[in-house]
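The values are calculated or read from the model by the stated rules, or taken from the named source; none is laboratory data. As the structure is a prediction and not an experimental result, all values here were calculated from the model. Methodologically, a virtual Cβ is constructed for each residue, glycine included, from the backbone with ideal geometry; neighbour enumeration extends over all protein chains shown. Keep in mind that these areas ignore ligands, DNA and RNA; they rest on the heavy atoms of the full protein, side chains included. Shrake-Rupley method; radii C 1.70, N 1.55, O 1.52, S 1.80 Å.
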Amino acid sequence: MTGGDIVLKPGFYAHVTFTYVDRIALNDANTAYAGSYNLLSARIGYRTHFYKWRLDIYAGGDNLLNTHYSLGNDINAAAPPARYYNAAPTVNYFGGVSVNYVL
């Protein structure tokens, strides 16, 4: 996993994260594997303060490469047929506003 942050003086910021996950054996016999995958996430926003109020406006996305991968692998799944994978969300976006009063 690698990432980077950029913060500019007027309050603009960006955060980017890239994750590489190598293939993994899903059973003790090493006959089933989950493939490797890459994930990219990013968030941009603007933060400012007025008096005792803090404001953060942001937008971003997860899985920006629209990678199909397992959110959690069930190692040594027993029920036939063995279900090793749990589907993860495809590309998705978010946005928000955070307002805080600072004592």
Report summary line: For the pair residue 55 and residue 86, the simple spin-label estimate (label points 7 Å beyond Cα toward Cβ) gives in nm 3.9 nm
Query raised in the report: Can you tell which of 30, 63, 73 shows the greatest fluctuation in a Gaussian network model of the chain with Cα springs below 10 Å?
Result: 30
**Report entry** Neighbourhood charge, 12 Å Cβ-Cβ cut-off, centred on residue 77 and excluding it, Lys, Arg +1 and Asp, Glu -1
**Finding:** -1
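Can you give me the % of accessible surface on the chain that is carbon or sulfur? Probe 1.4 Å, all protein chains present, nothing else counted.
Summing carbon and sulfur atoms, their accessible area is 60 percent of the total for the chain.
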Query raised in the report: So what J values fall out for segment 9-24 if you push phi through Karplus, 6.51 cos²θ - 1.76 cosθ + 1.60 with θ = phi - 60°, rounded to Hz, Gly and Pro as x?
Result: 3, x, x, 6, 8, 9, 9, 10, 10, 10, 10, 10, 10, 6, 5, 9
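What do you get for Rg/Rh of segment 1-95 when both radii come from the Cα atoms and Rh is the Kirkwood radius?
On the Cα set of segment 1-95, Rg over Rh gives 1.19.
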Query raised in the report: With Cβ to Cβ distances under 14 Å as the rule, what net charge do the other residues near residue 102 carry (K, R +1; D, E -1)?
Result: +2
Requested in this report: Note down the nm distance, to one decimal, between modelled labels 7 Å out along Cα→Cβ at residue 48 and at residue 27.
Outcome: 5.9 nm
**Report entry** Highest-fluctuation residue, 15, 68, 49 considered, GNM on the chain with Cα pairs under 10 Å
**Finding:** 49
Requested in this report: With springs connecting C-alpha atoms under 10 Å apart, model the chain as a Gaussian network and identify which of 42, 29, 77 has the largest mean-square fluctuation.
Outcome: 29
